[in-house]
Amino acid sequence: MMSPRSYFGGPSPLQKLDRISAPFPDLNLWIKRDDLSLAGLGGNKLRKLEYLVADALNKGCDTLITAGAPQSNHCRQTAAAATMEGLDCHLVLGGESPALPTGNILLDNLLGAQITFTEKHLRGDTMQNVAAELENQGRKPYIIPIGGSNGIGAQGYVRAAEELVTQFGENHIQKARIILASSSGGTHAGLEYGFRRLKAPITVEGIRIDKDDGRSLSYESDLANICRELDSITGRSLQLQATDFTVNYSCSSRDYGQLGAEEKDAISLLAREEGVLLDPVYTGRAFAGLLTKLKSGQYTKDEHIVFLHTGGTPALFAYADQF
Ligand SMILES: *Cc1c(COP(=O)(O)O)cnc(C)c1O
């Protein structure tokens, strides 16, 4: 069940990237604008939150708790969804409280969220402690996992897969490859699940954002676990395995959130050629990975390439000193 209120809005636009694709006349390049959504400057987490917050409301909860990096887009979108339901929101951010709260932290404050800073590895425990304290005060907290990436949240992207299949039909697109930034996994897992359920000829290629050599297939196992939860929620039995997912590790040698020349070039290119603003952590890195594959001729003209813009642009302001 999803929330009666839409935080995402949508369907989001599917736009052609004509100027960027000019050097590749054989290829069709598109962008799906999930950054353009309703609440709190938008992004992919709002699609998941429509299901997660519905679950919280069903359970009679009055406070949302979640966690992330200091510039977490997920936390900012959770704070925005909370305001739309009159819920309180408590955020646990891994890192130090900055001297100048900017980017997403500025927005978290404006949206009225309470923030606790802690060490990165203590975020899970801290969420539990905050929940216990609230319960002692007679409140009913609801903990949303980092990135909103469980089966409940991933339903938002199962639904997005249906939206894309409709848009592909309208645009006479038969075969497509979706390229997206993949991090906590709910977006990637939900899309893969959604396209398989519809038996649509669409490949989902996740560009891994976190530092990871990919050798252990542990991220693919996380994606399969989210899909196992989707099986139990939907009552279907797709039984996706780790090997069913396409994860590209070409951008995952740098630490999460470290801005390099590749990300900056991708951000500048899209800004100057298409008027589209990417973000420094996720979409900048993922688009850099897409450009590398485009330039080396690894995509073929029989499939349309669709970049999923998952949002995150408010974080740009926190990286102002690096541009
Ligand atoms: C969270 C986030 C992602 C990654 O989505 P997951 O579902 O966590 O894999 C990608 N882009 C942006 C801008 C995000 O905030």
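The values are calculated or read from the model by the stated rules, or taken from the named source; none is laboratory data. Keep in mind that what you see is a predicted model, and the values were worked out from it rather than measured. Here the Cβ positions follow ideal geometry from the backbone for every residue, glycine too, while neighbour counts run over all protein chains shown. Ligands, DNA and RNA are excluded from the accessible area calculation, which covers all protein heavy atoms including side chains. Shrake-Rupley method; radii C 1.70, N 1.55, O 1.52, S 1.80 Å.
Details
- Condition check for Ile179: part of a loop (DSSP other than H, G, I, E, B), open to solvent by less than 20 Å² (accessible area, probe 1.4 Å) and touching a strand residue (DSSP E or B) at 6+ places or on another chain (Cβ under 6 Å): no
- Among the residues of the stretch 182-207, the ones that are part of a loop (DSSP other than H, G, I, E, B) and touching a helix residue (DSSP H, G or I) at 6+ places or on another chain (Cβ under 7 Å) come to 5 in all.
- Residue in the stretch 153-167 that is farthest from Ser250 (Cα to Cα), counting only those that are more than 12 Å from the ligand (Cβ to nearest atom) and crowded, with 24+ Cβ neighbours inside 10 Å: Gln155
- Taken as a whole, the stretch 91-113 holds no residue that is under 30 Å from Thr234 (Cβ atoms) and surrounded by fewer than 16 Cβ atoms within 10 Å (Cβ to Cβ).
- Some residue of the stretch 80-89 being surrounded by fewer than 24 Cβ atoms within 10 Å (Cβ to Cβ), among the β-branched types (Val, Ile, Thr) and within 20 Å of Asp125 (Cα to Cα): no
- The condition of being at positive phi, surrounded by fewer than 20 Cβ atoms within 10 Å (Cβ to Cβ), of a type in the set (A, V, I, L, M) and touching a residue at least 12 places away in the same chain (Cβ under 8 Å) holds for only one of Leu198, Leu217, Leu238, that being Leu217.
- Val130 meets the conditions (1) more than 30 Å from Leu291 (Cα to Cα); (2) surrounded by fewer than 22 Cβ atoms within 10 Å (Cβ to Cβ); (3) within 16 Å of the ligand (Cβ to nearest atom) in every case but one. The failed one is (3).
- In the set Asp210, Asp222, only one residue is open to solvent by 30 Å² or more (accessible area, probe 1.4 Å), outside any helix (DSSP H, G or I), in contact (Cβ under 8 Å) with a residue 24 or more places away in the chain and within 16 Å of the ligand (Cβ to nearest atom); that residue is Asp210.
- Residue in the stretch 266-280 that is surrounded by fewer than 20 Cβ atoms within 10 Å (Cβ to Cβ), under 22 Å from Ala161 (Cα atoms) and not hydrophobic (A, V, I, L, M, F, W, C) present: no
- Note on the stretch 26-51: among residues that are among the hydrophobic types (A, V, I, L, M, F, W, C) and within 12 Å of the ligand (Cβ to nearest atom), the one that is farthest from Tyr157 (Cα to Cα) is Leu41.
- Put simply, of Arg228, Arg254, Arg208 the only residue that is in contact with a Phe, Trp or Tyr (Cβ under 9 Å, 6 or more places away or on another chain) and either of a type in the set (Val, Ile, Thr) or within 29 Å of Gly94 (Cα to Cα) (or both) is Arg208.
- Between Leu308, Leu277, Leu294, the distinction of being under 26 Å from Lys45 (Cβ atoms) and outside any loop (DSSP other than H, G, I, E, B) belongs to Leu308 only.
- Breaking point among (1) over 21 Å from Gly148 (Cβ atoms); (2) away from the ligand (no atom under 14 Å from the Cβ); (3) open to solvent by 60 Å² or more (accessible area, probe 1.4 Å), for Tyr299: (3)
- Contact annotation: residue pairs with Cβ atoms under 7 Å, 6 or more positions apart or on different chains, pairing a residue in the stretch 272-292 that is of a type in the set (Phe, Trp, Tyr) with a partner that is more than 11 Å from the ligand (Cβ to nearest atom), are Phe287/Ala266; Phe287/Leu270; Phe287/Phe307.
- Being more than 24 Å from Tyr51 (Cβ to Cβ), out of contact with any helix residue (DSSP H, G or I) (no Cβ under 7 Å at 6 or more places or on another chain) and at pLDDT 95 or above holds for only one residue in Arg177, Arg215, Arg228, and it is Arg177.
- Among the residues of this structure, Gly40 does not count as one that is modelled with pLDDT under 95, open to solvent by less than 50 Å² (accessible area, probe 1.4 Å) and in contact with a Lys or Arg (Cβ under 8 Å, 6 or more places away or on another chain).
- Complete set of residues in the stretch 168-194 that are aliphatic (A, V, I, L, M) and more than 13 Å from the ligand (Cβ to nearest atom): Ile173, Ala176
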